[in-house]
Each structure stands twice: as structure tokens, then as C-alpha cells.
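Each remark here refers to the structure printed beneath this line.
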Amino acid sequence: MAMTKTMLIYGYDIGNGKGGGVRFFSLNDWCILEGIEYRHENSITNISPSPSGTRCIFIDVSGRGWLYNPADSTALEVPNFKDDDGSSHSKTGGQKSNSGGTTNNSGSGQPIKCALWDPVGDQDGKSGAKGTKSLSFVTVEGGQFWTYVYSQLYFEGPTITRVGKININSETGDMFTESLSTTVPHGSSPAVVRNGRVTCQHQSGALDTVILNTHSNIRVPGGRGKARNMERLNECFKQRLSMLRLRDAWDVALQINNRR
């Protein structure tokens, strides 16, 4: 169960192994919105809506994750959701479904505790990275954070990709991605994330901030030292590119070109 400013979104279990579903309750009209109810072949254990409430991630009893779009009542499976290494050679787009999927056969068996949406990039809200057409979210699997980016505008249709470290061959221009996660601090519970900065609460009640490795250089560097700044600008460009912040990446590329 989760709540936005206008919606209460909850998952349910039909019982007797008949699956479950997702329902939307309008806080303004004080009624269930029947037209956008989603039926899934497994019961739902966790729901996390995007900041604007236009998408939601749900986790079913099998441990698989899905991104649900109430506009067309389809669910896109989150790829590599339970893999050990998150290698990028696995499928990147996920699998579309109108009713669910099959049993999960991926590797680690570590339960996904939750998914946290990053409001930077939510084009339906007031905040967002300049020129972005993507949404990002973070999953908490075992003791690791994994970053994902969802793009609705893709030549093969909507796609979800696990974000890693981009490497670019300086001679050919070819790009490949390495797996990149971030360690969850021991004894802490993640609460919110914004622009790659995860606020966690420790058992003592103290708050701490963790910067995701996928966002460690996403801000334009300042200060002196031309060589060091050029190195950080290159990393900034690649991280913005991996997050599909294309206009932001272009701005950094112009700075790199002007300094050469």
C-alpha cells in the first residue's frame, strides 16, 4: 500500500492461488477507480508509485518486479531484478505483460525489500532534470542499491535498463556497460532518494546520506585543476548519458569540447 497526493494505491491477494492485483483509490472522489485496476497472476507484496502517481512498481510473491502503467494497463517486467551480478548482457527492456509472468529463475534469491523512485526526471511533476524523458528508481536487494532508468520513448517501445558504469572506446567510440551497485550501510533503512542521494535511517534513529555510485559525478565539477576537472567532466558526461539525461549530457559535452 502506498499513497500519493491524490491516490491510495494498494495490492491485494485473491486467495487460493488465484493471483492478485493493483487497485487505485481516488482521494478526491473517495472511490475505487475501476477502469485502471490491474490483475496479476501472483499476489502483490510491495507497491511503490512514482512521485506523480502516473506509474508504479510492484513486487509479486515470486520476487519479480514490474512497472505498471495505468494509462494502458500494461506491466513491464524489471530486468535483472534478482541477478547476482547485474551484468548488462541480460535483457534490457523487460517483458510486457497484461496478466503476469512465469516463475522467476534468476540467480541470487535475495529478496527485493523495496523500490524507491527518484523524483528528478519525473516529467509529470514539477521537478526534473533538464531535457529528460526518463524516470529512475532504486531497488534495495540484500545489502546493495541498484539503479534503474525507465524510458517511455524508445524505438522498441518502453524500456527499463539497470544502470551501470559506461566505458567508451576512445578509438572506435563503442560503448559498453559494467555492473555498478552501491552498498547499503549496515543496520540502516533507506527512506527517500533524490538525484542519486539516498537518505537512510539507522536503528538509533540517526539519518545518513548515501550517494549512489551511478551518481557520484553527475553534478558538474567546480574548482581548479584542469586535468582533474576534465577527468570529472568526462565521468559526469557518461553518468548523465547512462541516466538518459541527454540534454544535460550534451551541455557537459560542450564544456569538454570548449576546454580542449
What FRET efficiency do you get for residue 179 and residue 207 if R0 is 35 Å and r is their Cβ-Cβ distance, rounded to the nearest 0.05? 0.80
Name the long-range amide H neighbours of residue 50: under 5 Å, sequence gap of 5 or more, or other chain; modelled H, no Pro or chain starts. 55, 56, 57
Distance between the range 17-44 and the range 185-260 - C-alpha centres, whole angstrom: 37
Extension gain (nm, one decimal) between residue 260 and residue 170, 0.36 nm per residue minus Cα-Cα: 30.9 nm
For the range 14-50, listing trypsin sites (Lys or Arg not before Pro) in a DSSP loop whose Cβ sees at most 12 other Cβ atoms within 10 Å gives 18
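The numbers here are math on the coordinates, done by the rules we state, and not lab data. None of the values given here were measured: they were computed from a predicted structure. All Cβ positions, even for glycine, are placed from backbone atoms using ideal geometry, and neighbour counts span all protein chains on display.
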